[in-house]
1. Calculate, in nm to one decimal, what residue 16 and residue 62 gain on full extension: separation in residues at 0.36 nm each, minus their alpha carbon distance.
2. How far, in degrees from 0 to 90, does helix 74-98 lean away from the longest principal axis of the Cα atoms of the chain, to the nearest 10?
3. Would you mind ranking 56, 133 by Cβ crowding within 10 Å, fewest neighbours first?
4. Any chance you could give the angle, 0 to 90 degrees and rounded to 10, that helix 40-69 forms with the longest Cα principal axis of the chain?
5. What ranking do 91, 1 get, fewest neighbouring Cβ atoms within 10 angstrom at the top?
6. Does anyone have the angle between helix 112-134 and the longest principal axis of the chain? Alpha-carbon axes, 0 to 90°, nearest 10?
7. At a 10 Å Cβ-Cβ cut-off, how would you order 70, 126, fewest neighbours first?
8. Enter the Cα centre distance for the pair the stretch 112-139 and the stretch 1-43, rounded to the nearest angstrom.
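Readers should treat all values here as calculations from the given coordinates under stated rules, not as data from a laboratory. Quick caveat, the model's predicted, so the values are computed rather than measured. Every residue, glycine among them, receives a Cβ derived from its backbone with ideal geometry; neighbour counts consider all protein chains shown.
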């Protein structure tokens, strides 16, 4: 299997974005260590934002591989390759932005980013899942291909 140019570029960006998730982990260590004071609500949203960021970035990388494995193109290809990474931005941003502010005990208006991210994630996963189910078996055709 050979990666498409779009998938190769997106994968590079996503891998670099994981460094930002790593720095978020350092922030959470500071929170747990007592260096940063947060409400229970803010702590919960910080944990959820960090977890969603990491999981969705990894899921984005996997989605790129699946999309390229079946040579997905057109609208379904665009949705599968782009909507999952968009969700990896919107959902964590929603958790962090919705809980920003001293002493916040409930979400602010930025919580809408969570719902937009969820919609983006659903669109990408549905496009990819349906496309995978509809694709022909390429195992007999692509056995000599390698990932580049």
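1. On the way: separation 46, 0.36 × 46 = 16.56 nm, distance 1.54 nm.
Separation in residues times 0.36 nm, less the Cα-Cα distance, equals 15.0 nm.
2. On a 0 to 90 degree scale, this one is about 10.
3. Working: 56 25, 133 7.
Listed from fewest to most nearby Cβ atoms, that is 133, 56.
4. Tilt relative to the chain: about 10 degrees.
5. On the way: 91 24, 1 13.
Going from least to most buried by this count: 1, 91.
6. Value to nearest ten degrees: 20.
7. Working: 70 20, 126 14.
Ordered by Cβ neighbours within 10 Å, fewest first: 126, 70.
8. Using only Cα atoms to place each centre, the spacing works out to 22 Å.
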